[in-house]
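Everything below concerns the one structure shown next.
The values are calculated or read from the model by the stated rules, or taken from the named source; none is laboratory data. All of these numbers come straight from a predicted model, not from anything done at the bench. All Cβ positions, glycine included, derive from the backbone under ideal geometry; neighbour counts span all protein chains shown.
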Amino acid sequence: DTLYIMESEAEIQRGHTDLSMIVRPDMRQYRVLDVLIEFKFVSLQEAGVDGKTLEKMDETALRALPAVRKKQREAEEGLARYREKLHGKFGDVLRLHGFTVVAVGFERVVFSA
């Protein structure tokens with residue numbers, strides 16, 4: 001992409017962001033957001049459900065699973081940590097928007113913006 005510097009597992013002050021998309025300095029005149037995405041995975045075993053049950057589960061029940069809530073919390077903590085580090089590295093120029101994505105098995109995804 002010509003708008004972004006894209007980095008996966010980029011090291012930032014002894015931590016690793018899952019995916020960061022930082023607007024290139026020469027593209028800052030455009031109203032484009034910098035993006036930080038933190039990914040987590042919950043196995044079916046960790047979730048305590050099988051694939052068929054998971055497929056039928058509504059989003060509220062899916063988000064309420066203890067393993068999903070735990071990984072979502074970890075992802076949000078990671079976002080907060082990396083957001084601070086990215087602001088330290090790039091300064092106030094960032095228009096950073098963060099997302100968390102929690103995959104539950106290979107059947108479902110829970111995300112937040």
ask   = Could you say which residue among Glu9, Glu46 is modelled with pLDDT of 95 or more and either surrounded by fewer than 18 Cβ atoms within 10 Å (Cβ to Cβ) or outside any loop (DSSP other than H, G, I, E, B) (or both)?
value = Glu46
ask   = Going by the conditions given, is Arg24 surrounded by fewer than 17 Cβ atoms within 10 Å (Cβ to Cβ), over 15 Å from Val110 (Cβ atoms), in contact (Cβ under 8 Å) with a residue 12 or more places away in the chain and among the basic types (Lys, Arg)?
value = yes
note = Counting only residues that are closer than 30 Å to Gln45 by Cβ and buried (at least 17 other Cβ atoms within 10 Å of the Cβ), the range 56-102 contains a total of 15
query = Do you know which residues across the range 29-47 are of a type in the set (Asp, Glu) and over 11 Å from Asp18 (Cβ atoms)?
reply = Asp34, Glu46
ask   = For the range 89-113, which residues satisfy the criterion of being more than 21 Å from Arg31 (Cα to Cα) and not hydrophobic (A, V, I, L, M, F, W, C)?
value = Thr100, Gly105, Glu107, Arg108, Ser112
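This table checks each residue for (1) among the charged types (D, E, K, R); (2) touching a helix residue (DSSP H, G or I) at 6+ places or on another chain (Cβ under 7 Å); (3) without any contact (Cβ under 8 Å) to a residue 24 or more places away in the chain; (4) part of a helix (DSSP H, G or I).
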{"residue": "Ala67", "(1), (2), (3), (4)": "no, yes, no, yes"}
{"residue": "Ala75", "(1), (2), (3), (4)": "no, no, no, yes"}
{"residue": "His87", "(1), (2), (3), (4)": "no, no, yes, yes"}
{"residue": "His97", "(1), (2), (3), (4)": "no, no, no, no"}
{"residue": "Thr100", "(1), (2), (3), (4)": "no, yes, no, no"}
{"residue": "Ala103", "(1), (2), (3), (4)": "no, no, no, no"}
